[in-house]
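No lab work stands behind these numbers, since they all come straight from the coordinates. Values in this document were obtained by computation on a predicted structure and should not be read as measured data. Virtual Cβ from ideal backbone geometry, glycine too; neighbours counted across all protein chains shown.
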Amino acid sequence: MKESDLSIHCHVEVADPDWNVDEQRLNRLADAALRLMKPEIMAIRGVRRAIGVSCYVVPPSRMRELNRDLRGSDTVTDMLSFPLGYAMPGTGWVLGDVVICLDAVEHKALASDNLMDDQLVFSLVHSLLHLVGLDHMSEDERAHMERREEQVFAELGTGDWSRVAVRSA
């Protein structure tokens, strides 16, 4: 399959009024990251020509609720990945959903002395890698996932991903 044969569909929904999200830019970022993950995508049994992913931006209260109810951790986290992995007839392969809490992304950026834009890109790459099958449960898996994160992040670095999300005035 040629790269042009891969159709990527990203759906973005924003439910956090504290942030202005450029949905088109977030969509382009997810598309660019997933194109760099083509080897992992094509290794998924059942994937043919089209894939879909959804990104939901939620406030901290909703993220805490999801993390508590689904992962047993009563904390706010930057992103949660929900791999779905099923075929939609006539549509393509649904990779899954990424839930984003921009307050937590911002907190993580400040704590690690990163720019908000960079942290958002890196966290999204990490979450999308979960959707294409990577994990970090064992030391070998963690090392492999970190290498891929760095590779994809470095290649994305050539794009202008600034101001995908900015705090509302």
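For segment 6-65, state which trypsin sites (Lys or Arg not before Pro) are in a DSSP loop and have at most 14 other beta carbons lying within 10 Å of their beta carbon. List each step's numbers first, then the result.
On the way: sites: Arg25, Arg28, Arg35, Arg45, Arg48, Arg49, Arg62, Arg64; in loops: Arg45, Arg48, Arg49.
Of the trypsin sites (Lys or Arg not before Pro), the ones in loops of segment 6-65 whose Cβ has at most 14 other Cβ atoms within 10 Å are Arg45, Arg48, Arg49.
Calculate for the chain the 222 nm mean residue ellipticity that helices alone would give, adding -39,500 (n - 2.57) per DSSP H run of length 4 or more and normalising by residue count, nearest 500 deg cm²/dmol.
Details: 6 runs with 75 residues, N = 169.
Counting only the DSSP helices, I get -14000 deg cm²/dmol.
Once you list every other residue whose beta carbon is under 13 Å from the beta carbon of Ala143, what net charge do they have if Lys and Arg are +1 and Asp and Glu are -1? Write down the numbers at each step before the final one.
Values: positive: Arg142, Arg147, Arg148; negative: Asp135, Glu139, Asp140, Glu141, Glu146, Glu149, Glu150.
The answer is -4.
I'd like the orientation of helix 23-36 relative to the chain: the angle between its Cα long axis and the longest Cα principal axis, in ° from 0 to 90, rounded to 10.
It is inclined by approximately 50 degrees.
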